[in-house]
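A short reminder: the numbers here are calculations on the coordinates, not readings from a lab. Quick caveat, the model's predicted, so the values are computed rather than measured. Note: ideal-geometry Cβ built from the backbone for every residue, glycine included; neighbour counts use all protein chains shown.
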Amino acid sequence: MRLVCLDLEGVLVPEIWIEFSRRVGVPALSRTTRDEPDYDKLMQYRLRILREHRLGLPDIQDVIAGMSPFPGAGEFLAALRETYQVIILSDTFYEFAKPLMRRLGWPTLFCHSLECDAEGFVSDYRLRMPNQKQEAVRRFKELNFRVAAAGDSYNDIAMLREAEGGILFCPPEKLAREFPQLPVTRDYAALRQEIDAVFASV
């Protein structure tokens, strides 16, 4: 069986935190896993900024409700699912993702969850498991899946290396230079070609 694992933000949809940062006028919240490899450090930073500005989960969800996938993402995903099993492995949160999953046709999503206090402010986050992207790919391989994976950020690198074939999609130039062994694609046609090439070689 052939399985494709895709990151969500930066691959199929815009970066939620960047869009939220722009909409609420708090530039500090635009920092993402493209900038900070340490996910816990990044999330603790985000939670602190949210508290300082009194921004709660409803504020974030209001912004997400107005977001759409990248142009062509839905068609790319639908075509991919005609040939392969596809799972989205993301470090986003279920509390964020629902509107975007609806617009993408409800693909399977593995991600994390948030904890909120009685006033709706995000108090903490809960990882589904540590290193969930890499661990998921490893377990899929143990189930005799052949896995291709695509992502755009530092938090995707372990997943890409674990897969039979890992592909960078529109990564920052710095990231692409750090991992020259990973092919770089910048549109969905090229990404599909690289995915097909992975399975042609395994």
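A few points about this structure:
- For the chain, the longest principal axis of the C-alpha atoms and the axis of helix 188-200 are separated by about 50°.
- Just so you know, the Cα atoms of the stretch 1-52 work out to an Rg and Dmax of 13.3, 48 Å.
- Estimated from helices alone, the mean residue ellipticity of the chain at 222 nm is -13000 deg cm²/dmol (sum of -39500 (n - 2.57) over DSSP H runs with n ≥ 4, per residue).
- Multiplying the residue separation of residue 53 and residue 141 by 0.36 nm and removing their Cα-Cα distance gives an extension gain of 27.3 nm.
- Working note: Debye formula, equal point scatterers on the alpha-carbon atoms of the stretch 34-88, no solvent; log10 I(q)/I(0) at q = 0.12 Å⁻¹ is -0.53.
- If the segment from residue 193 to residue 173 were pulled out straight at 0.36 nm per residue, it would be longer than the present Cα-Cα gap by 5.1 nm.
- For the stretch 9-104, a crude dipole built from +1 on the beta carbon of Lys and Arg and -1 on the beta carbon of Asp and Glu, taken about the Cα centre, is about 240 debye to the nearest 20.
- Lys, Arg +1 and Asp, Glu -1 on Cβ, resulting dipole of the chain about Cα centre, debye, nearest 20: 200 debye
- Relative contact order of the chain, taken over Cα pairs closer than 8 Å and 6 or more residues apart, is 25 percent.
- Cα-only Debye scattering, the stretch 111-202: base-10 log of I(q)/I(0) at q = 0.14, 0.22 Å⁻¹: -0.59, -1.06
- With the simple spin-label model, which puts each label point 7 Å out from Cα in the Cβ direction, the residue 70 to residue 1 separation comes to 2.7 nm.
- Look at the Cα gyration tensor of the stretch 37-142: its axes a ≥ b ≥ c give a/c of at least 1.5 with a/b at or below b/c, and that counts as oblate.
- Between 0 and 90°, nearest 10: helix 73-83 axis offset from the chain longest Cα axis: 40 degrees
- Three-way shape call for the stretch 148-202 based on the alpha-carbon gyration tensor, with the a/c threshold at 1.5: oblate
- The trypsin sites (Lys or Arg not before Pro) of the stretch 145-202 that meet both conditions, a loop assignment by DSSP and at most 16 other Cβ atoms within 10 Å of the site Cβ, are 186.
- To the nearest ten degrees, helix 39-52 and the longest principal axis of the Cα atoms of the chain are 30 degrees apart.
- Dipole magnitude of the stretch 147-196, debye to nearest 20 (Cβ charges: Lys/Arg +1, Asp/Glu -1, about Cα centre): 120 debye
- For the chain, fraction of C-alpha pairs farther apart than 27 Å, in %: 28 percent
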